[in-house]
């Protein structure tokens, strides 16, 4: 039934105009920061993590946001972040691990950053503090870059890599958890990966569907678009389909996350709503236009899909 509902949802997304499927800013509290990306949220809906970067990405930290009284409060840098480039936080389904990518050195005795690896922190329960960062190790991490981890209920891992056995520049890789360790990662089939760039895969906890970014593909709307793929009854990923103009923009759209409770898709975009027809009469007008949420910088957006599910 879940697969059927999601399939109907996807079809509806392609056929419905933006008036019924409006993309809107997700976090006005983060608008003062030049580049914000990568949202993940606990199943409780009250604990979230984002990446905050400088304009040219010299600085990249992971920050925590907490919802109280149904309001997201101002971000705070997490204890393990602030020195190296930390990006792409991702909760495990049970909320007891937070995975992320980082160029931090393997040990605290080393100072020089390295390539990007996948790391995680863990806790015994949601009220306990996080551990120190733990490198996930081989066979996942290599001498090349690993990004955007997505761990599902059975602990299988999906991530982005520019490994030499990629089908293109970046691929989405899969590694199966056998109960004790991860199997050697494999690039997903050409239903997902092409000879270009595929990256940033959010995989639902039950592995029924995946949303990811594809760059400059033949059916693309912008520089990078969000695509969706479903697993069939044989656990094969079906050919990915562009989510359409009601979600994708002419700019880069990436870093998806789905809140399954509210059926809300969060994603990062560099949407620009800057108007070229304005006749600016004051510096205040110009400043307001430049500093609006949809200003071409990296921001987090959301779109509700609840109404689509209610119809079926």
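No value in this document is a laboratory result; all are computed from the given coordinates. Bear in mind that the values here come from a model prediction, so they are computed numbers and not experimental data. Note that each Cβ is placed from the backbone with ideal geometry, even for glycine, and that neighbours are counted across all protein chains shown.
Put in line by how crowded their Cβ is, counting other Cβ atoms within 10 Å and starting with the fewest, 170, 259 read 259, 170. The spacing between region 96-152 and region 211-254, judged by their C-alpha centroids, is 27 Å.
Mean separation of Cα pairs under 8 Å and 6+ residues apart, divided by the residue count of region 25-129: what relative contact order is that in percent?
Working: 209 pairs, mean separation 20.0, N = 105.
The normalised contact order for region 25-129 reaches 19 percent.
Taking every C-alpha pair closer than 8 Å and separated by at least 6 residues, the mean separation divided by the residue count of the chain gives a relative contact order of 17 percent.
Please state the Cα pair-distance histogram of region 172-275 with 10 angstrom bins from zero: what percent is in each bin? Spelled out bin by bin, region 172-275 gives 14, 45, 30, 9, 2, 0 percent.
Calculate, in nm to one decimal, what residue 177 and residue 272 gain on full extension: separation in residues at 0.36 nm each, minus their alpha carbon distance. Intermediate results must be reported in sequence, preceding the final value.
On the way: separation 95, 0.36 × 95 = 34.20 nm, distance 4.10 nm.
Extra length available between residue 177 and residue 272 comes to 30.1 nm.
Could you order peptides 82-88, 214-220, 31-37 by the average number of other Cβ atoms within 10 Å of their residues, highest first?
On the way: 82-88: 19.3, 214-220: 15.7, 31-37: 17.7.
Per-residue Cβ counts within 10 Å, averaged per peptide and sorted highest first, yield 82-88, 31-37, 214-220.
Based on the alpha-carbon gyration tensor of region 228-270, what equivalent-ellipsoid semi-axes (square roots of 5 times the eigenvalues) come out, in whole Å, largest first? Don't jump to the answer; show the numbers that get you there.
On the way: eigenvalues 97, 44, 14 Å².
Each semi-axis is √(5λ); the values are 22, 15, 8 Å.
Expressed in nm to one decimal, what extension gain is obtained for the pair residue 24 and residue 138 from 0.36 nm per residue of sequence separation less their Cα-Cα distance? Intermediate values should be presented prior to the final figure.
Values: separation 114, 0.36 × 114 = 41.04 nm, distance 3.97 nm.
Full extension of this stretch gives 37.1 nm more.
Each stretch of four or more DSSP H residues adds -39500 (n - 2.57); spread over every residue of the chain, this sum gives -2500 deg cm²/dmol at 222 nm.
Length gain on complete extension for the stretch residue 103 to residue 131, per 0.36 nm per residue less the alpha carbon to alpha carbon distance? Walk me through the numbers on the way to the answer.
Details: separation 28, 0.36 × 28 = 10.08 nm, distance 1.83 nm.
Length gained between residue 103 and residue 131: 8.2 nm.
Compactness of region 24-142 is given as radius of gyration and Dmax, 14.4, 44 Å, from Cα positions. Considering only 101, 273, 239, the mean-square fluctuation computed in a Gaussian network model of the chain, springs between alpha carbons under 10 angstrom, is largest for 273. Computed over every Cα-Cα pair of region 67-109 and binned at 5 Å starting from 0, the pair-distance distribution P(r) comes out as 5, 15, 20, 23, 21, 9, 4, 2, 0 percent. Note on region 2-310: Rg/Rh from C-alpha atoms, Kirkwood Rh, equals 0.96. Please report the antiparallel percentage of DSSP beta bridges with both residues in the chain, rounded to the nearest 5. The antiparallel fraction comes to roughly 95 percent.
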